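Here's the structure, in structure tokens; my notes come after.
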Amino acid sequence: MEILIFENEFKEIEGAFKGLKIIMDNEINFTVVKSSQELGLFSKLYAYDIVFVDLDLVPSSKMTGYDILKKIKEDIIEKKPNVYVITGHSTGKEELERRGLSDYQILEKPFGMDDLQNLINSI
């Protein structure tokens, strides 16, 4: 299982992902990018099974987390990855609704390995 993580403060959640990798017998691989341009071509995103998008990325990112979510939603592609929002902001849900992006499930920070495992098991 290939996982892409858009996150500018990965150290805060790294333990959860590393723990998940161990309990899943290394059957997951994750790639972390701090900005939209670190990914390169946006189409690379569709090679992943799961994408986690933090709403706040580094200030130098050309796209915000909201922009990434909007582009995924608008792209017409046969197979889209499972996409989840990660945020530490209490107003994230309301802002997603305001922007017409309320379809995405939110995983609130801080979260642990069990939260990730439950989420992945529900797919």
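The values are calculated or read from the model by the stated rules, or taken from the named source; none is laboratory data. Since the model is a prediction, treat every value here as computed from it, not as a measurement. When we count neighbours, we look across all protein chains shown, and the Cβ atoms used for this are built from the backbone with ideal geometry, even at glycine. Heavy atoms of the whole protein, side chains included, go into the accessibility calculation; ligands, DNA and RNA do not. Shrake-Rupley method; radii C 1.70, N 1.55, O 1.52, S 1.80 Å.
Accessible surface comparison of Val32, Val83, probe 1.4 Å, protein chains only, largest first: the order is Val32, Val83. Computed on the chain, with alpha-carbon pairs under 8 angstrom and 6+ residues apart, the relative contact order is 30 percent. Taking GluC sites (Glu not before Pro) in DSSP loop conformation with at most 10 other Cβ atoms inside 10 Å as exposed sites, the chain has its longest uninterrupted site-free stretch at 28-77. Ile123 contributes an accessible area of around 90 Å² to the protein surface, as traced by a 1.4 Å probe with all chains present.
Taking the protein heavy atoms of region 54-123 in the context of the full set of protein chains, the accessible area attributed to carbon and sulfur is 46 percent at 1.4 Å.
Extents of region 72-117, taken as max minus min of Cα coordinates on every principal axis and listed largest first, are 33, 27, 10 Å.
Accessible surface of Met1, taken over heavy atoms with a 1.4 Å probe and every protein chain present, rounds to 80 Å².
Farthest toward the positive end of the dipole of the chain, out of Pro110, Leu41, Ile13, is the Cα of Leu41, where the dipole comes from beta carbon charges about the Cα centre. Where in the chain are the DSSP H helices whose C-alpha atoms run 24 Å or more along the long axis and whose mean Kyte hydropathy is at least 0.5? Span-like helices here: none at all.
Given the pairs Lys44/Lys71; Lys44/Lys80; Lys21/Lys109; Lys11/Lys34; Lys18/Lys73; Lys34/Lys73, which are separated by over 22 angstrom at their Cα positions? Result: Lys18/Lys73 exceed 22 Å.
Estimated translational diffusion coefficient (Stokes-Einstein, Kirkwood radius over Cα pairs, 4 °C, 1.567 mPa s) of region 1-121: 89 µm² per second.
Stokes-Einstein diffusion for region 1-64 at 25 °C, viscosity 0.890 mPa s, with a Kirkwood radius from C-alpha pairs, works out to 200 µm²/s.
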